[in-house]
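The values are calculated or read from the model by the stated rules, or taken from the named source; none is laboratory data. The structure presented is a predicted model; accordingly, all values stated were derived computationally and were not measured. Note: ideal-geometry Cβ built from the backbone for every residue, glycine included; neighbour counts use all protein chains shown.
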Ligand SMILES: [Zn+2]
């Protein structure tokens, strides 16, 4: 079997929810039946919702003709309990791929290792060990339950996938985003496809703070809410030397929102997940602080200014299609590299 092939599918699926799972890691999972056919590809989508392997097993169960009753269940506890009772060995000798070691403790959800151990699987393939001491031990638990465990598949790719999680556990994660056209221009008019814009709005709703430059606020007069994803508008940090703004700009008129206007970045220190919707000037100002960049590229051309400051201090870690756009993720290179 080609473990790397299936693990890559799991990793790619997890990337669709990168950032959105905050404060949890982005995790993906693939289930193969005993003949090696793919039954499901799924990912953890949002904190509080079921883990990747639970969703993948649920999908596989429904696809293998399991009782439809399960399809309405969204609570992890409920899904676990249902499958303990009703799995009927539908995954006997099957293989489950998961990008992060299955959790092994009772947190907000029951341990995934326990669910996996009850299904008479043949093998579980894990890309990355769980570094959280409390949750780790899943691989060991599976082995004790006579399941073959393969670890360390696509190590570099799975480390990249996990990096935001490790950063916001340790300190903070600053994600700088922009949308541009094929020729690099990023001003005047709507650039990205609907799905790209929905993803940005989701990111706004999960982050701790949205950062934007003062000039952008003055020129674009944005709302900066999360209406495209029907979720809550973020608090906003405006980086500006002058505190003088027209308070009729829509962003100032969102209920229950805090707006900070600052000329230094010190206030960012107490936040874990900082999402920046930046201009070229802000990229220059924040360059040292940025951990990751996400760029939506649309296949359009129009003259205008571009992100001239972007250089090889960032490396590409992932790219994905999103409608007609390409989304590229980059991370700051380590100094020693
Ligand atoms: Zn879990």
| message | Give all pairs with beta carbons closer than 9 Å in which a residue from region 129-143 that is in contact (Cβ under 8 Å) with a residue 40 or more places away in the chain and closer than 17 Å to residue 117 by Cα meets a residue that is part of a helix (DSSP H, G or I) and within 12 Å of the ligand (Cβ to nearest atom); count only pairs at least 6 apart in sequence or on separate chains. | response | 142/113; 142/116
| message | Between 34, 71, which is away from the ligand (no atom under 14 Å from the Cβ), touching a residue at least 40 places away in the same chain (Cβ under 8 Å) and surrounded by fewer than 15 Cβ atoms within 10 Å (Cβ to Cβ)? | response | 34
| note | Counting only residues that are near the ligand (Cβ under 9 Å from one of its atoms), more than 20 Å from the chain's Cα centre (by Cα) and part of a helix (DSSP H, G or I), region 110-139 contains a total of 3
| note | In region 86-100, residues that are more than 9 Å from the ligand (Cβ to nearest atom) and within 24 Å of the chain's Cα centre (by Cα) total 3
| field | Lone unmet requirement of (1) within 16 Å of the ligand (Cβ to nearest atom); (2) surrounded by 18 or more Cβ atoms within 10 Å (Cβ to Cβ); (3) over 30 Å from residue 267 (Cβ atoms); (4) at pLDDT 95 or above for residue 162 | value | (3)
| field | Hits in region 270-290 (condition: buried (at least 19 other Cβ atoms within 10 Å of the Cβ) and within 17 Å of residue 239 (Cβ to Cβ)) | value | 274, 275, 276, 277, 278, 279, 282, 283, 286, 290
| query | Is it true that residue 53 is within 12 Å of the ligand (Cβ to nearest atom), more than 15 Å from residue 162 (Cβ to Cβ) and either modelled with pLDDT under 95 or touching a strand residue (DSSP E or B) at 6+ places or on another chain (Cβ under 7 Å) (or both)? | reply | yes
